[in-house]
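**Q** A single structure is presented below for examination.
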Amino acid sequence: MANLAPSLAIGPCCLSCVSIESSKLCAATHYVCKSKMTQGPGRLDMERKLYGEVSLSVVRTPYKSIDSRVHAAPRVSLEQTDQIFTKSTEVDKLQKVSTYLFRTELGGLVNVSVRKKYVKYVVNIEVSSLQLSSGDNRLVLIWGVHRSDSSSFMALDSQYPDAKIGTIENPFIQNSSGTFVLELEFEAKQTPFYLSFLLKSPLGDDSSDSEISEIRSHLKAKFCVPVGFSAGFSAPMGLSFSTDGSMNFALFSKSAESVVLCLYNDTAADKPALEIDLDPYVNRSGDVWHATIETAWNFVSYGYRFKGTISQGDRYKFHPERVLLDPYAKIIVNPIPNDRQSGLLPKYLGRLCKEPDFDWVGDVRLNLQMEKLVVYRLNVMRFTGHKSSKLPTDIAGTFSGVIEKVHHLKDLGVNAILLEPIFPFDEQKGPYFPCHFFSPMNLHGPSHGSISAINSMKQMVKELHASGIEVLLEVVYTHTADGRALQGIDDSSYYHVNGVEDLETKNALNCNYPVVQQMILDSLRHWVTEFHIDGFCFINASSLLRGFHGEYLSRPPLIEAIAFDPLLSKVKIIADCCNPHDLEPKETHFPHWKRWAEVNAKFCHDVRNFLRGEGLLSDLATRLCGSGDIFSDGRGPGFSFNFIARNSGLPLVDLVSFSSGGLASELSWNCGEEGPTTKTAVLERRLKQTRNFLFVLYVSLGVPILNMGDECGQSSGGSPSYGDRKPFDWNALETGFGIQTRQFISFLSSLRLKRSDFLQQRNFLKEENIDWYGSNRSPPKWEDPSCKFLAMRLKADKGENQSNAESSQIKGDLYIAFNAADHSEGISLPPPPKGMTWFRLVDTALPFPGFFSTDGKPVLKQTLGSHAYEMQSHSCTLFESKQSK
């Protein structure tokens, strides 16, 4: 017997028909192989007619979320078929048959069908139209099987003399029609594997057995078919389940020459229990690798290894020994620590199970209008992770912890929370350096498990919706962590590796490359459909505008696709151009198609500058009125997300306490002394400035964003570093500062709702509804940097007041003044509307509790019938005209 070399490689095949099997398989080390021909040629003809012909009618296989169209790769044609196999004397149970059709180099056809029969797999091979030398009718199949290494066969049973190299020879039988037929049987527990084979025939009538002709495919390669699994589908990406329970794996990698599917039967195992080296012709369509297996094995998790010789530079290359996470994995197993001496990062794996069902009954999307939002930004772990939260340790710092503190959000008047990134991330660098995009961080779950994180997040969203609070996510799709992310799958596609220095050194994703764009869109849709998320804030959004070569695009495909996506059009999309690498906001003209809102860094800059006494009146006025210089291009003030402090940079209390050293870019002012102090004058000035910042934030047109901890004076000790932010201290809410600040924020939130006619406008205010005043009621000197006082009168629309007169809901004018000077300013209020008088609602210079009031305190007329009021230095005031009693 001639032995086939162990280096037999898998070659290209011309695949005609493929279907999915639905049998239950398990790995073992025994098989049965036989060549037989029972019931004569008639049975063979019957079998050929029933399942061997390609021309049988095609029935689409039901498959959840699978596009049933043909997915074709170069030299490969693939269809899905369901076929019924019957014997001549009995009807078997309905079977699914995978059929593969090859053309040989001699012009003949090789038809291979694989079907499940009870606890065995039956492989039928038919060779027809084959012209052998000198009319010889002898034909032999020489074959072997492999899994993880396509370059060598695996030995299945030692009863064969050549078991060491795992090759076997079996003769064909020629039937009356001239077709060569052969049937192989394998125990189902031995699968899955690839069956790789050649055909062999003598050269002539007088040839010895050693003088043979090896017959290959028309591509001069070996024949290869999967047994116990099938080619699978190229969509959807990631892991998906069919109605019969089989699992489909699909993964993109254009540059990989080989992809190995690694299956684990223990989440703590260092090495996989089974590896399947995906055939590049059977299991690849275009640049997508795919396979379908059944679910009866005891495997619990999976990953991939990638092999390739394509040079991608020293920084980007394949590491065949590393098992990498599926970019589309929906459930992630807790990372497996690698040997520290190897220098490898912990290993993430996908979990082999469906996402848990969740009861969304009763959940209603709030669909709040953008201009009505009052947003609170928080970090899930830091929000309730501190012992002062008095929560059980299993829910402190988790999504469940947020549920327990909903009352605090409602007390502040918040109707939307903005969660810092919750994707799995590099724990050394923080949540703005993600490793994955389709699941929440396991640490956010009560038991730090993947399922608990998913369920508790969904419960959090449902509870918040029931409390009238929307959930927005900060997301980072422009770069990844240094490792454990997408590196090693196909870096030349996923990352910028084309010499753009400012991008290449930061693991920058090639966002507008088609496959990356599709991954981002799929991720966003996943969070909307599975988690009922109400909107997204895109961090480092200016990088979403970069093209393949790093150039800025005027119409970035990804930005446009998000704007017009049918599902994403129902949620809020916000661009934040702050870069986590350098914490510096970038001024970018962001294309918006009247859909994209933006985090307004100019608002922060101009308000900080004015309140420290260095800004222009024109800049402050522009920000108060909704930043028309940015949003008057078809959008409106509701598209401006305003903030004073954020989670990078100085928190609010530090903005008024630290300004030396390297804090020039923070535009902060220490109010007379750096850092902690006991000086009363400095402390009073800082208290006024804190109130001023909050006041300007809430009375400006646009959406206010309050940062976690600013309501109770949380400090980072003057450090702008994100890593120096501390967990939320719930005890600080009960301090004098915490009590008055929290109550003031609640008042401002109510004020926005009460005077939504001014403060929650969808459109910009009309010029006739605003009067501006400088010192002594003179016109403001807009461009004079020495002017530090500005007042505005917002005049209520008379038509609206007339319509509300019958219900006694007449709304008066508002008079708002800002004094950034270090001296007091005497103001003379303009005459109120007829039948009304001015009431002071806010004066940030007054002591608590009198510095704000819902009902207000009337301002008495002074000499000559005017309403005069003395404003203290560094203070803000608000007056409302009300009907005289």
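**Q** So how much slack lies between residue 681 and residue 570, counting 0.36 nm per residue of separation and subtracting their Cα-Cα distance, in nm?
**A** 34.9 nm
**Q** Another question, then. Excluding residue 216 itself, calculate the net charge of residues whose Cβ lies under 14 Å from the Cβ of residue 216, where each Lys or Arg counts +1 and each Asp or Glu counts -1.
**A** +2
**Q** If you project the alpha carbons of segment 712-806 onto their three principal axes, what span does each projection cover, largest first, in Å?
**A** The Cα atoms of segment 712-806 stretch 49, 44, 25 Å along their principal axes.
**Q** Can you work out the base-10 log of I(q)/I(0) for segment 585-697 at q = 0.13, 0.23 1/Å, using the Debye formula on its C-alpha atoms alone?
**A** Cα-only, vacuum Debye calculation for segment 585-697: -0.53, -1.28.
**Q** Could you run the Debye sum over the Cα atoms of segment 406-490, one equal point scatterer each and no solvent, and tell me log10 of I(q)/I(0) at q = 0.16, 0.21, 0.23, 0.27 Å⁻¹, two decimals?
**A** Each listed q maps to, in turn, -0.70, -1.02, -1.12, -1.26.
**Q** I'd like to check one number: the per residue accessible area of segment 166-277, probe 1.4 Å, reported in Å² as a whole number.
**A** 30 Å²
**Q** What relative contact order, as a whole-number percentage, does segment 639-733 give when Cα pairs under 8 Å and 6 or more residues apart are counted?
**A** 40 percent
**Q** How big is the Cα convex hull of segment 452-581 in projection, averaged over all directions, in nm²? It would help to have the intermediate numbers written out before the result.
**A** Values: hull surface 34.4 nm².
Answer in nm², one decimal: 8.6.
**Q** Among the trypsin sites (Lys or Arg not before Pro) in segment 381-417, which ones are in a DSSP loop with at most 11 other Cβ atoms within 10 Å of the Cβ? Mind listing them?
**A** Working: sites: 382, 387, 390, 405, 410; in loops: 390, 405.
Here the sparse-neighbourhood loop sites are 390.
**Q** Turning to a different aspect of this structure: Under the definition of Cα pairs under 8 Å and six or more residues apart, what whole-number percent is the relative contact order of segment 718-859?
**A** After rounding, I find 16 percent.
**Q** A follow-up question, please. So if each residue of separation counts as 0.36 nm, and I subtract the Cα-Cα distance between residue 633 and residue 770, what length gain in nm does that give? Don't skip to the answer; put the middle values down first.
**A** Numbers: separation 137, 0.36 × 137 = 49.32 nm, distance 2.09 nm.
That works out to 47.2 nm of additional length.
**Q** For segment 651-808, what % of the accessible area comes from carbon and sulfur atoms, probe 1.4 Å?
**A** About 50 percent, which is the carbon plus sulfur part of the accessible surface.
**Q** In addition: Measuring from the lowest to the highest alpha carbon on each principal axis, how far does segment 439-482 reach, largest first, in angstroms?
**A** The Cα atoms of segment 439-482 stretch 39, 25, 10 Å along the principal axes, largest first.
**Q** Order 854, 267, 99, 243, most accessible first, counting only protein heavy atoms with a 1.4 angstrom probe.
**A** My answer, sorted largest first, is 243, 854, 267, 99.
**Q** Taking the convex hull of the Cα atoms, report for segment 615-774 its projected area averaged over all directions, in nm². Walk me through the numbers on the way to the answer.
**A** Working: hull surface 43.2 nm².
Spelled out: convex hull of the Cα atoms, projected over all directions, averaged, 10.8 nm².
**Q** Could you report the accessible area of residue 762 in Å², rounded to 10, computed with a 1.4 Å probe on the protein chains as they sit in the structure?
**A** Accessible surface of residue 762 is approximately 130 Å².
**Q** Just add up the charged neighbours of residue 774: K/R +1, D/E -1, any other residue whose Cβ is under 14 Å from the Cβ of residue 774. Please list the in-between numbers first.
**A** Values: positive: 777, 781, 788, 793; negative: 771, 783, 784, 825.
Local net charge: 0.
**Q** While we're looking at this one, here's another question. Rank these by accessible area, largest first, 1.4 Å probe: 665, 258, 721.
**A** So, going from the largest accessible area down, we get 665, 721, 258.
**Q** If the only charges are +1 at each Lys and Arg Cβ and -1 at each Asp and Glu Cβ, what is the size of the charge dipole of segment 449-525 around the Cα centre, to the nearest 20 debye?
**A** Using only the charged Cβ atoms, the result is roughly 400 debye.
**Q** When Rg is the radius of gyration of the Cα atoms in segment 505-614 and Rh is its Kirkwood radius, what does Rg/Rh come to?
**A** The Rg/Rh ratio comes out at 1.01.
**Q** Where Rh denotes the Kirkwood radius from the mean inverse Cα pair distance, what is Rg over Rh for segment 355-496?
**A** Rg/Rh: 1.00.
**Q** Can I ask one more? List the GluC sites (Glu not before Pro) in segment 478-568 that DSSP assigns to loop (not H, G, I, E or B) and whose Cβ has at most 12 other Cβ atoms within 10 Å. Which are they?
**A** 551
**Q** As a test of reading the structure, rank 766, 798 by solvent-accessible area (1.4 Å probe, protein chains only), most first.
**A** 798, 766
The values are calculated or read from the model by the stated rules, or taken from the named source; none is laboratory data. All figures in this text were calculated on a predicted structure; none of them were measured in a lab. FYI the Cβ positions are ideal-geometry reconstructions off the backbone, even for glycines, and counts take in every protein chain you see. Just the protein is used for accessible areas: all its heavy atoms, side chains included, with ligands, DNA and RNA removed. Shrake-Rupley method; radii C 1.70, N 1.55, O 1.52, S 1.80 Å.
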